[in-house]
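Below is one structure, written out as structure tokens; comments come after it.
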Amino acid sequence: MIHDQAIPDLLALEANAALDEEEALAERLEAMEQLAFIYQVFRAGGRDTQEYGARAAALRTRLEALNQQYYARVRAWLRSGRATGDAIRELLDRYTSYGQADAADLHLDYEPADALVDGVLQLERFEGLATVHHRDIVHLEDTPVRVLLDLVDHVPLEVGDCFYDLGSGLGRVAVIVHWLAGVPACGVEIQPDYCGYARRLVESLGLTQVRFLHADAREADLSRGTVYYLFTPFKGGILRVVLARLQAEATHRRITLCTYGAVSLVVAQEPWLRPAAGAAPHEFSLGIWRSR
Ligand SMILES: C[S@@+](CC[C@H](N)C(=O)[O-])C[C@H]1O[C@@H](n2cnc3c(N)ncnc32)[C@H](O)[C@@H]1O
């Protein structure tokens, strides 16, 4: 029977003291996934396995409380102003396979680094709604952290640069890039609830160099950017207008455009941009383009 294995698995997890170590986030997340499955197995087993089901649920709750404790400590450290970009990078590197020799260069999955960022930024508390609807607007989805590690590794971000996230959602990308690279960052977001949340987020973190414009990217002031990022925020006519606006910006100064998702395949056709590296564009890799 299937719960013949579930019982020893549960006992092993209950006995695993390493899960209590605050920084064992990746191991805890894996254990929590396993516990969710074990819980379902016991539930299906009816009365006989009810007690085990309750134990699996209790352990899961305890591990989640440890995660929250860890997130709160990291958040306090980040708010203290003592966290350097290098130290933040070291922390994120612990929870991603990005950069490891045997890791795939495509960015396909969310990793424990994403759970850490969401927990620290308390993004799971967001309860707002998308209220602006248009066929070309893409719904909210987060860039995996590993894409942003790739970005700061391969796009020089120096004094004088200003990073723009076009379609900035709850503000995650702008905050992470600012933390890692130290440059001012600006998000542009069409949904009022998302933008309001991002603004409150940076205020609560004391980040004065990250701001959010509540605007349609077709109309927002883009004049201060040097590096722009698009994680497939819109398509069709909206994308065409925004790319034309970026092309116009590029007549005043050299700009870099970074892309992730299906938008990369469209941007690859723009004659005013050249790819920064030789690799063919792919939905799940970071595209980096420079204006000619
Ligand atoms: C796929 S999400 C990307 C979120 C964030 N940039 C990230 O990478 O994690 C796309 C975001 O673009 C926003 N968006 C869509 N059309 C927009 C427009 N015309 N102007 C500004 N924001 C827009 C959506 O509301 C959504 O928050």
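Residue-level check: of (1) within 21 Å of the chain's Cα centre (by Cα); (2) at negative phi, Ala220 misses just (1).
Can you confirm whether Arg135 is in a loop (DSSP other than H, G, I, E, B), within 16 Å of the ligand (Cβ to nearest atom) and either outside the structural domain of Arg211 (by TED's automatic domain parsing) or among the charged types (D, E, K, R) (or both)? In short, yes.
Assess whether Leu29 counts as being of a type in the set (A, V, I, L, M), touching a residue at least 24 places away in the same chain (Cβ under 8 Å) and surrounded by 16 or more Cβ atoms within 10 Å (Cβ to Cβ). Walk me through how you get there before you give the answer.
Values: of a type in the set (A, V, I, L, M): yes; touching a residue at least 24 places away in the same chain (Cβ under 8 Å): yes; surrounded by 16 or more Cβ atoms within 10 Å (Cβ to Cβ): yes.
Against the criterion (of a type in the set (A, V, I, L, M), touching a residue at least 24 places away in the same chain (Cβ under 8 Å) and surrounded by 16 or more Cβ atoms within 10 Å (Cβ to Cβ)), Leu29 qualifies.
On the basis of being surrounded by 21 or more Cβ atoms within 10 Å (Cβ to Cβ), part of a loop (DSSP other than H, G, I, E, B) and more than 13 Å from the chain's Cα centre (by Cα), does Tyr164 make the cut?
So Tyr164 does not fit the description; no.
Under the condition of being of a type outside the set (A, V, I, L, M), more than 10 Å from the ligand (Cβ to nearest atom) and touching a helix residue (DSSP H, G or I) at 6+ places or on another chain (Cβ under 8 Å), the residues counted in the stretch 226-269 number 3.
Which residues, counting only those in the stretch 208-221, are more than 11 Å from the ligand (Cβ to nearest atom) and crowded, with 19+ Cβ neighbours inside 10 Å? Matches in the stretch 208-221: Val210 only. Of the residues Leu63, Leu91, the single one that is in contact (Cβ under 8 Å) with a residue 40 or more places away in the chain, surrounded by 13 or more Cβ atoms within 10 Å (Cβ to Cβ) and under 30 Å from Ala174 (Cα atoms) is Leu63. Are any of the residues in the stretch 40-52 buried (at least 16 other Cβ atoms within 10 Å of the Cβ), among the aliphatic types (A, V, I, L, M) and under 29 Å from the mean Cα position of the chain (by Cα)? There is no residue in the stretch 40-52 that is buried (at least 16 other Cβ atoms within 10 Å of the Cβ), among the aliphatic types (A, V, I, L, M) and under 29 Å from the mean Cα position of the chain (by Cα). Remark: pairs (first residue in the stretch 134-158, more than 15 Å from Trp289 (Cβ to Cβ); second residue at pLDDT below 95 and of a type in the set (Asp, Glu); Cβ separation under 8 Å; 6+ apart in sequence or on different chains) = Pro144/Asp109. Within the stretch 1-46, the residues that satisfy the criterion of being assigned to a helix (DSSP H, G or I), out of contact with any Leu (no Cβ under 8 Å at 6 or more places or on another chain) and of a type in the set (Gly, Ala, Ser) are Ala6, Ala12, Ala15, Ala17, Ala18, Ala26, Ala36, Ala44, Gly46.
Within the stretch 209-240, how many residues turn out to be in contact with a Cys (Cβ under 8 Å, 6 or more places away or on another chain) and in contact (Cβ under 8 Å) with a residue 60 or more places away in the chain?
To start, the set of residues in the stretch 209-240 that are in contact with a Cys (Cβ under 8 Å, 6 or more places away or on another chain) comprises 210-214, 224-230.
Of the ones still in play, those that are also in contact (Cβ under 8 Å) with a residue 60 or more places away in the chain are 224-230.
Matching residues across the stretch 209-240 total 7.
Scanning the stretch 187-201 for residues that are crowded, with 20+ Cβ neighbours inside 10 Å and more than 12 Å from the ligand (Cβ to nearest atom) gives a single hit, Leu201. Out of (1) more than 23 Å from Gly167 (Cβ to Cβ); (2) at pLDDT below 95, the odd one out for Ala58 is which? Result: Ala58 passes all but (2).
For Ser204, state whether it is surrounded by fewer than 22 Cβ atoms within 10 Å (Cβ to Cβ), away from the ligand (no atom under 11 Å from the Cβ) and in a helix (DSSP H, G or I). Criteria met by Ser204.
The values are calculated or read from the model by the stated rules, or taken from the named source; none is laboratory data. Predicted model only: the values in this text are computed from it and were never measured. Note that each Cβ is placed from the backbone with ideal geometry, even for glycine, and that neighbours are counted across all protein chains shown.
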